[in-house]
Structures are given as structure tokens and as C-alpha cells.
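First the structure, in the form of C-alpha cells, and then the observations on it.
Derivation of every value follows stated rules applied to the coordinates shown; laboratory data play no part. The structure displayed is predicted, hence computed values, not measured ones. Counting neighbours? That spans all protein chains shown, and the Cβs are built from the backbone with ideal geometry, glycine included.
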Amino acid sequence: MERAELLAYCLAKPGAWLDRPWDADEVVKVGSRIFAFLGPESGDRVGVKCGPTREIADEWLHRFPCDAVTSSHIGRFGWNSLRLTGAIDDDELYEAVDTSYEAVVAKLPKRDRPAAG
């Protein structure tokens, strides 16, 4: 999958917006919270919340040992970094973004949640 295609998919989510909180690293947020870490424009990975626990998120590591790794610093909370150009097919990458978005929206205060699109 092309990075630009995944970025467009992320930005199409209700309430999603692009931010660059660390130099050239791009993230996509809903409300004030990140649901996709895309890194620099040259990057080929997306960091997403793959499960409510590390154990559930580890399923990605077992299925895609060459293309999924635990995210630095926040991995213990169920975040993984998934390669866009590896064995993970596009539908599964979209599903991972959907799961991350839904998990982050569910944690927002109700007043800050976007209306369904």
C-alpha cells in the first residue's frame, strides 16, 4: 500500500485531522488523540492501536513476524508498527486503522466524539 493512500484513508474518518507534533513526523488525530502514527513522509509504516492489551496486539506479531513490531514507548498499551509494503494486505491495514480509530474515539469524552459520517 502507498503511504499517501493510507493517509487519505485515515483523514476520511469523521473528525480526523493531520498534525506534525515532532518535526517532520506526521500523525492523524481524532479530537486531541492520535490514532495513526505515520512518521516522516519517507516512512513505510503506520503505528496503530492493535488491541486493548499487549497480549491481543501480539497476535499481529505472530501473524506477520517480518512486518509487525511493538511500537516504541507505547507498545505496552497495545500499539504496533505495521509495514505498508510487506505481507500485510491492504484490507488488513485498513482494518487495523479502523480498530485504532474506534479504540481512540471510544476513550474520548462524549462531547469530543465526532458525529458518525
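Around THR85, what is the net charge, scoring Lys/Arg as +1 and Asp/Glu as -1 over all other residues with Cβ under 12 Å from its Cβ?
-3
Are there any helices in the chain, counted as whole DSSP H runs, that stretch 20 Å or more along their axis by Cα and score at least -0.5 on average by Kyte-Doolittle, and if so which?
90-107
Taking just the alpha-carbon atoms of the stretch 3-112, what radius of gyration and Dmax come out, in angstrom?
Answer for the stretch 3-112, Rg first and Dmax second: 12.9, 40 Å.
Using alpha-carbon pairs under 8 Å, 6+ residues apart, how would you state the relative contact order of the chain in percent?
Dividing the mean separation by the residue count of the chain yields 26 percent.
In deg cm²/dmol, rounded to 500, what helix-only [θ] at 222 nm does the chain give when every DSSP H run of at least 4 residues adds -39500 (n - 2.57) and the total is split over its residues?
Rounded to the nearest 500, the figure is -10000 deg cm²/dmol.
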